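All remarks here apply to the structure that follows.
Laboratory data are not the source of any read-out in this text; all were calculated from the coordinates shown. Predicted model, so just to flag it, every value in this text is computed and none were measured. Glycine also receives a Cβ, built like all others from the backbone with ideal geometry; neighbour counts cover every protein chain displayed.
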Amino acid sequence: MSLYVLPEAATLPADRRQSETALAVARGTSRLLRALGFATLAELPLPSGRRADLVALNERGDIWIVEIKSSLADLRADIKWEDYRLHCDRLFFAFTSDLPCEIFPTDTGLIVADAYGAHMHCEAPEHRLPAATRKAMLLRFAATAAQRLGRLADPDGFAAAE
């Protein structure tokens, strides 16, 4: 008998900060990343105070950040994405097929996605993290994942603690 049983219909609460398009791109991109052997977390707070759209971690400890763009205006308004490089080994943009690849920075990877899947349009260059930054990101990823899982298992217990 398992001591840890999630309710049959356990789901994460909806994050209402993103558009429907951004949520669809995140879903398809997460499916691609899982197929590549990564676990993903959405909206992970970074040590810099920023919040990454998707952070992916594989069993080798590689950390990728994916910045989701739902429109040209979304890309033009974003001045924070370069800061994400400090927290990952590879940086990607994910977007719908409605946007042309040419509008994105050439030193990032590109993922084209919809709600059902995604494909890697081009790989991101690798820039390995320093050991201390990697450890901080791994701990942040693990703690956030554990807290989110705990909220699913015992939503009332977390509400009382906050």
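When the range 74-98 is limited to residues that are over 14 Å from Ile111 (Cα atoms) and among the aliphatic types (A, V, I, L, M), the one that is surrounded by the fewest Cβ atoms within 10 Å (Cβ to Cβ) turns out to be Ile79. For the range 54-95, a residue qualifies if it is aliphatic (A, V, I, L, M), touching an Asp or Glu at 6+ places or on another chain (Cβ under 8 Å) and under 15 Å from Pro130 (Cα atoms), and exactly one does: Ile63. Out of everything in the range 54-73 that is more than 19 Å from Leu138 (Cα to Cα) and touching a residue at least 24 places away in the same chain (Cβ under 8 Å), what residue ends up being surrounded by the most Cβ atoms within 10 Å (Cβ to Cβ)? The residue in question is Ile68.
The residue that is surrounded by the fewest Cβ atoms within 10 Å (Cβ to Cβ), counting only those in the range 17-35 that are in a loop (DSSP other than H, G, I, E, B) and touching a residue at least 40 places away in the same chain (Cβ under 8 Å), is Ser19.
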